[in-house]
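*Asks:* The structure that follows is given in the form of structure tokens.
The values are calculated or read from the model by the stated rules, or taken from the named source; none is laboratory data. The shown structure was predicted, so the numbers you read here are calculated from the model rather than taken from an experiment. Methodologically, a virtual Cβ is constructed for each residue, glycine included, from the backbone with ideal geometry; neighbour enumeration extends over all protein chains shown. The accessibility values were calculated without ligands, DNA or RNA, using every heavy atom of the protein model including side chains. Shrake-Rupley method; radii C 1.70, N 1.55, O 1.52, S 1.80 Å.
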Amino acid sequence: MRKFLAGGVAALALMTAGIAQAEPVKIGVITTLSGGGAGLGVDMRDAFQLAIKQSGNSEIELVVEDDAQKPELAVQIAEKMIQSDKVDLMTGIIWSNLAMAVVPNAVAQDVIYLSPNAGPSALAGANCHPNYFNVAYQNDNFHEAMGEYDNKDYKKTFILAPNYPAGKDALTGFKRYYKGELAGEVYTQVGQTDYAAEIAEIRASGADSVYFFLPGGMGIAFMKQYAQSGVAIPVTGPGFSFSQDVLPAIGDAALGVKNSGTWAKDLDNPANKAFVEAFQKEYNRLPSIYAAQSWDTANLILSAIGKASVKDKDAFRAALKEADFASVRGKFKFNTNNHPIQDIYVTEVVKEGDVLTNKIIATAFTDHGDAYADKCSM
């Protein structure tokens, strides 16, 4: 177990000004800090810690633990945090299968959980809960955006994703908006590193494009092998497959690839400029979308702490629902199912000096919600 006590550092202008009542608040952060998905969790943790540090609220204690991308371990950690550590809030999970293992039980025990990434459809619709807030997206969203955008260039796309909740949501979202023909639809193993069979299938499929969702080390392995294979069919994907944490490992094979997301470092608003500058100064690297979503999650919590006691669940939930914070994404509000309504962009991988990064080239959706909100009874 690792504990981090927020230090008293002066807050940036974008942070919540003042705290209504200084009371101890304990936040349990379960995230992936080892294994192939560690880069995602490290960015999540680092951004969250930095936001709390810069808030100047020394009453917030973070209990940070590594789930090693294992659902059974995440469940054990969550129970310890709830029963022994007595956390007031929980956050941090990157992977949807881990979220499905942890979140329903946590919120049933009256713990408020705020997702900085995973957004499984099961928690957005009929299984929504007043204690569950997703500050990132619903899993389908980025893929819906690329399905819509790819209509203008492609007619026959080969799609693939890992066989777990987020992968299934990904391809469901893409197909919801893509109007062309599917050259193939494949679900790979979670954590897979050899894609020779899938690349051979793509080569033989007659596809004019490939759309894939493979976050973390999976996407790195696929793109390297794809580039080495000599297959010249263009690829697109969600921002997760081309996020800042994986671009250095993918290398120039990613150049020119179009991908979707709610955030990029060049979004022109004061909160984003301050975030990118602060993260780069603290960690000597550019932030990823995982860091941006985590930063927003921390600042949402800080905004609610400034308005209500975390012990008063009704008041605190109402304060969270207001989403009264300066999001790095610009516009941000919650839908009826506590999932975001937000703009979704298309970005392109470019090189700035020696650094690969993403640049916004289009807006795919404005004020976009999710397809499951009408199934939520809240």
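*Asks:* Kindly indicate which of VAL235, VAL135 is more than 15 Å from the chain's Cα centre (by Cα), of a type in the set (Val, Ile, Thr) and at pLDDT 95 or above.
*Replies:* Answer to the check: VAL235.
*Asks:* Among the residues of the range 242-263, which ones are open to solvent by less than 30 Å² (accessible area, probe 1.4 Å) and of a type in the set (Gly, Ala, Ser)?
*Replies:* SER243, GLY251, ALA254, SER260, GLY261
*Asks:* For the range 132-141, state whether one or more residues are assigned to a loop (DSSP other than H, G, I, E, B), of a type in the set (Val, Ile, Thr) and in contact with a Gly (Cβ under 8 Å, 6 or more places away or on another chain).
*Replies:* Taking every residue of the range 132-141 in turn, none turns out to be assigned to a loop (DSSP other than H, G, I, E, B), of a type in the set (Val, Ile, Thr) and in contact with a Gly (Cβ under 8 Å, 6 or more places away or on another chain).
*Asks:* Could you list, in sequence order, the residues of the range 356-378 that are closer than 20 Å to LYS265 by Cα and of a type in the set (D, E, K, R)?
*Replies:* Matches in the range 356-378: LYS359, ASP367.
*Asks:* If we keep just the residues of the range 194-227 that are open to solvent by 10 Å² or more (accessible area, probe 1.4 Å) and of a type in the set (S, T, N, Q), which is nearest to the chain's Cα centre (by Cα)?
*Replies:* Restricting to residues being open to solvent by 10 Å² or more (accessible area, probe 1.4 Å) and of a type in the set (S, T, N, Q), the top hit is GLN225.
*Asks:* Might you let me know whether the range 140-156 holds any residue that is of a type in the set (Lys, Arg), closer than 19 Å to ILE341 by Cα and at pLDDT 95 or above?
*Replies:* No, because not a single residue in the range 140-156 is of a type in the set (Lys, Arg), closer than 19 Å to ILE341 by Cα and at pLDDT 95 or above.
*Asks:* Okay, moving on. Picking from GLY230, GLY191, which residue would you name as being at pLDDT below 95 and either open to solvent by 20 Å² or more (accessible area, probe 1.4 Å) or β-branched (Val, Ile, Thr) (or both)?
*Replies:* GLY191
*Asks:* Across the range 44-84, what is the total count of residues that are of a type in the set (Lys, Arg), buried (at least 21 other Cβ atoms within 10 Å of the Cβ) and more than 22 Å from PHE240 (Cα to Cα)?
*Replies:* 1
*Asks:* Can you name the residue in the range 278-296 that is open to solvent by less than 10 Å² (accessible area, probe 1.4 Å) and polar (S, T, N, Q) and, of all such residues, is farthest from the chain's Cα centre (by Cα)?
*Replies:* SER288
*Asks:* Would you call ALA170 of a type outside the set (Ser, Thr, Tyr) and open to solvent by less than 30 Å² (accessible area, probe 1.4 Å)?
*Replies:* yes
*Asks:* If the Cβ limit is 6 Å and pairs must be 6+ apart or interchain, which residue in the range 319-330 that is open to solvent by 40 Å² or more (accessible area, probe 1.4 Å) pairs with which residue that is of a type in the set (Gly, Ala, Ser) and not in a loop (DSSP other than H, G, I, E, B)?
*Replies:* Qualifying pairs under 6 Å: ASP324/SER303; ALA326/ALA271.
*Asks:* Same structure again: With respect to the numbered conditions (1) of a type in the set (A, V, I, L, M, F, W, C); (2) buried (at least 23 other Cβ atoms within 10 Å of the Cβ); (3) assigned by TED's automatic domain parsing to the domain that holds GLN49, which one is the sole condition not fulfilled by ALA274?
*Replies:* (2)
*Asks:* Can I ask one more? Within the range 306-321, identify whether any single residue is closer than 23 Å to SER260 by Cβ and not assigned by TED's automatic domain parsing to the domain that holds ASN151, and answer yes or no.
*Replies:* The answer is no; no qualifying residue exists.
*Asks:* I'm trying to understand the selection: among the residues of the range 149-167, which are open to solvent by 10 Å² or more (accessible area, probe 1.4 Å) and in contact with a strand residue (DSSP E or B) (Cβ under 8 Å, 6 or more places away or on another chain)?
*Replies:* TYR149, ASP153, TYR154, LYS155, LYS156, ASN163
*Asks:* Can you list residue pairs whose Cβ atoms sit under 7 Å apart, with the first residue in the range 157-175 being closer than 16 Å to SER205 by Cβ and the second being in a helix (DSSP H, G or I) and open to solvent by 10 Å² or more (accessible area, probe 1.4 Å)? Count only pairs 6 or more apart in sequence or on different chains.
*Replies:* Qualifying pairs under 7 Å: LEU160/GLU198.
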